[in-house]
Structures are given as C-alpha cells and as structure tokens.
Amino acid sequence: MVPATIVLGTQWGDEGKGKFTDLLAKEMSMVVRYQGGHNAGHTLVVDGETFALQLVPSGVLYDHIVPVIGNGVVVDPFVLLSEVDMLNRRGIDTSRLRVSGNAHLIMPYHQQLDALHERHLGKSKLGTTKRGIGPAYADKAMRLGIRVQDLLDEGIFREKLHASLLHTNKVLTKVFNRLPVDPDALADKVLTECLEPLKPFITDTTDLIHEALEADQHVLLEGAQATFLDLDHGTYPFVTSSNPTAGGACTGAGVGPRHIDRVVGVAKAYVTRVGAGPFPTELFDDVGTKIVDIGREYGTNTGRRRRPGWFDTVMLRHASRLNSLTELAITKIDVLDTFDVVKLCVAYEIDEVRTEKLPYHQSELHHATPIYEEMPGWKTDLSEIRRPEDLPAEALNYLKAIEKHVGVPISLVSTGPGRNQHLRLPA
Ligand code: IMP
C-alpha cells in the first residue's frame, strides 16, 4: 500500500500551501481537505490564470485527481455550489468532486452568530473570518450540528434543523436580541437550492480514501489554516475551531497514522498572521511595511492586511514536533530579494532568560523578545531561478540556516506565484 502524504501550514496560515498541494498533485490520485471551511483561501496561478479556491481542494485543476472534502470540514452548501459554478464557467470539470456525508453544514445562522460573537467581544475579538466556522464546529461538539448526509433525508433534515434552532433561536433572541430563524423556511431554501446539485457529490469519503490507498493510489491530505491556528496546539483563543495539525488529518479524513509517511510543512520565508493574538517576531516598522507591500500580504478571502514578521525557528521547531514533519517547503523567498539584511529568530528572551522552546504558558509568549541571527540579503531577483546551484550564496545560506535551526530538510522552495516558479533542493 502506498502511504499518504500530508501538506500543512506550519505558521499562522497563508503560507502558500495551495501552490505546493498543486505541485504535489501531479503525483497524486486524490486530494482530500480534512478540516476548516471557506475561511481558507487558496490562490493558484495556472498558465497566467488565477484561481482563488475556498472549499474545493486545489487538485480539482488536474483532470486525473479526485478532489475530496473530508468529514472534518465544515461546508457552506451555498458557497460550495457557487465555487463549483465558478469553476465550471471557467472550463474546469468538477464532476469528480466528492463531499463526505459526515461533514457538517454551515448554515446562515452560524455566520450570523460568528459576527454577533465578534461584535459582543468588542476589544477582545478574535478577528475571525466571520464565515461561521466556530459556531458550526461548536454545534458539532454540542451534538446539534447538521451533517451533509442529512440533506438526503428531508424528514431528518427538517427535524435536525428544528432541534438545532430550538437552541440557537434562544441565543439569537434572548442573548443577542435578534429575530429567530424559521426552520421550515430555511429547510425549504436549502433543499430547493442545494439538494439536487449537491447530491452527486455526497458520499462515504472515508471508504473512498481507503479504496484508493488499497489500490496503491497516492492520496494527499491537504490542510487549511495552520499549526498555530490549531484549536489544541495554537495560540488559543486566537485560533480556528479545527485541528490543522497532522493529527487532524487522521480524524478529518478517517485514516490511521500508519497510513502516512510524509508530512510536508509549508512555511513562508517570513511570517504573517491575520486577526489578533501573540506574534513574537512581528514588525511594526518600515521593514514590515515593505514585506506587506512586496508580498501583497492581504487576505485572499477577507482583504485584511496581514501582520508581518521575521521567520521564527522557535515556532517551526515546535511545529516539527507537533506534526512529525518530514520536510519543509519554503514559499515567497523572492519577497526578500531586495532586503540588505534578513533575520531569523533562533530563540526568545523571556524575563531575561533565553529559551529555544516555545513557552507553554501563553502570557510568556506575549512578552517574548526574539533573539535574531542576522544574515546579509542576496539582493538578487530569484524569480527565474530553477536550480539550487544557481541560488546566490546568501539565499542558500538563509535556507541552510532555517534547516539547521528547525532540524528538518527543505525539499522545495517557491520563488514566485507561477506554477513553475520553484526549485527542488537535493536531500
Ligand atoms: P475563523 O477560522 O474564521 O474562526 O478565524 C479564527 C482565526 O483564524 C482568525 O484569527 C482568522 O484570521 C484565522 N484564520 C482562519 N482562516 C485562516 C486562513 O486561511 N489563513 C489565515 N488565517 C486564518
């Protein structure tokens, strides 16, 4: 049996995972999204055409791939159908797409609650994408969620919507002073607009994945968001409501850990984060502005400006442990092409003590001062470089320093948004 591969983010998201998923997809038969929802935004540039995907796995752009939305994902059926429609209009065949019957649905009231919670939190808000992700996963945990398979049985769907809204309507009316949602009107809308077009996609994706593995096909498990947005291991509460780490790939797709032998951690050559939360290497100066400007660091989905910072190997070492990373893929190194100096955070100073480990107590992370290793920049345009031997010594030096401090080999380096703008480093 050919083992499966996981591709996941090692920082706070927006590492450019979509590009590597797309690159690896050439060798794959199936690409499975295992968590998150349309809070993700994958941008791919294929033959000069840009595709922005939120829910559909990026492997959809290959004819030979079965793109799968696994059980761990939360699915807004309206968003999914509009994405399918967009892809079809642009000539992409989506008929191979499969959606787990066990995935949970995001309903319009989840989005309403997400926005209301954020407003309610005021200054303490998390800065969510307001896509209803947290409330949908909360309903799942409270056993009030509605699964994709429920759509296939109208009676069950209506019954579950009624039960769920019995609770949610109390919250909407009594806590937030809003109008209640009419379960029957909502059921009518969802069933009328979504059931028929979604039906061909709904299946037992765990079985599908295992059939593929048993047939020696290559399966790629594609993470959304990233390690430090993980509900358990991230900078809680400034996290998403799912598990983007490697363990989440197992639960969110329904495969055991022994099926996986390769975990590719994608890391940007610097760090960004959107939304609130601690960020030790954050830059508030002109250097940060330059990173944001050159890297066009604005959310694909929400348009929000991302917070910039230097590469943090303390975080990456932790990410390596949490995910059993077998290799690193570094993205957007070209963004640093014009910098005189580049910096790597190799340790923190917390209360005058140097530490190379991520502090487990988050209050410490909030006042950790990064200790940097400074290196000369390469001052060379890397965007056309395709072979490691053509890299300027300073760029290679930077990559080797990352490898040394993280303790994980770098296999791929991306030098621009295009499909062919990358190079492979020898093992
Ligand atoms: P939620 O996932 O919408 O609940 O947002 C929770 C936190 O995760 C917020 O800080 C978001 O900015 C962040 N987040 C969610 N999805 C992404 C993503 O795809 N990239 C980067 N940050 C994300």
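The values are calculated or read from the model by the stated rules, or taken from the named source; none is laboratory data. For clarity, every value in this text was computed on a predicted model and none was experimentally measured. Glycine also receives a Cβ, built like all others from the backbone with ideal geometry; neighbour counts cover every protein chain displayed.
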- Query: Given the structure, is Asp184 among the charged types (D, E, K, R) and under 30 Å from Leu8 (Cα atoms)?
  - Reply: no
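Yes or no, residue by residue, for (1) part of a loop (DSSP other than H, G, I, E, B); (2) within 16 Å of the ligand (Cβ to nearest atom):
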{"site": "Ala224", "(1), (2)": "yes, yes"}
{"site": "Gly234", "(1), (2)": "yes, yes"}
{"site": "Gly247", "(1), (2)": "no, no"}
{"site": "Cys250", "(1), (2)": "no, no"}
{"site": "Val255", "(1), (2)": "yes, no"}
{"site": "Val263", "(1), (2)": "no, no"}
{"site": "Val292", "(1), (2)": "no, yes"}
{"site": "Arg296", "(1), (2)": "yes, yes"}
{"site": "Asn301", "(1), (2)": "yes, yes"}
message = One residue is enough: does segment 342-364 have a residue meeting the conditions assigned to a helix (DSSP H, G or I), away from the ligand (no atom under 16 Å from the Cβ) and either closer than 30 Å to Ile260 by Cβ or not acidic (Asp, Glu) (or both)?
response = yes
The condition of being loosely packed, with under 15 Cβ neighbours inside 10 Å, polar (S, T, N, Q) and modelled with pLDDT of 95 or more holds, among Asn169, Asn177, only for Asn177
- request: Kindly indicate whether any position in segment 44-62 is of a type in the set (Ser, Thr, Tyr), within 16 Å of the ligand (Cβ to nearest atom), touching a strand residue (DSSP E or B) at 6+ places or on another chain (Cβ under 6 Å) and at pLDDT 95 or above.
  value: no
* Kindly indicate whether Asp188 is of a type in the set (Asp, Glu), within 21 Å of Leu229 (Cα to Cα) and in a helix (DSSP H, G or I). => no
Matching residues in segment 51-78 (closer than 17 Å to Gly18 by Cβ and free of Cβ contacts under 8 Å to residues at least 60 places away in the same chain) number 9
In segment 214-234, anything surrounded by fewer than 21 Cβ atoms within 10 Å (Cβ to Cβ) and under 17 Å from Ile133 (Cα atoms) is listed as Leu231, Asp232
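Results for (1) in contact (Cβ under 8 Å) with a residue 60 or more places away in the chain; (2) away from the ligand (no atom under 14 Å from the Cβ); (3) assigned to a loop (DSSP other than H, G, I, E, B); (4) of a type in the set (Phe, Trp, Tyr), shown as yes or no for each residue.
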position: Leu126; (1), (2), (3), (4): yes, no, yes, no
position: Asp139; (1), (2), (3), (4): no, no, no, no
position: Asp150; (1), (2), (3), (4): no, yes, no, no
position: Ser164; (1), (2), (3), (4): no, yes, no, no
position: Thr168; (1), (2), (3), (4): no, yes, no, no
position: Leu172; (1), (2), (3), (4): yes, yes, no, no
Selection over segment 11-47 where residues are assigned to a loop (DSSP other than H, G, I, E, B), more than 21 Å from Gly70 (Cα to Cα) and either in contact with a helix residue (DSSP H, G or I) (Cβ under 8 Å, 6 or more places away or on another chain) or free of Cβ contacts under 8 Å to residues at least 24 places away in the same chain (or both) yields a count of 2
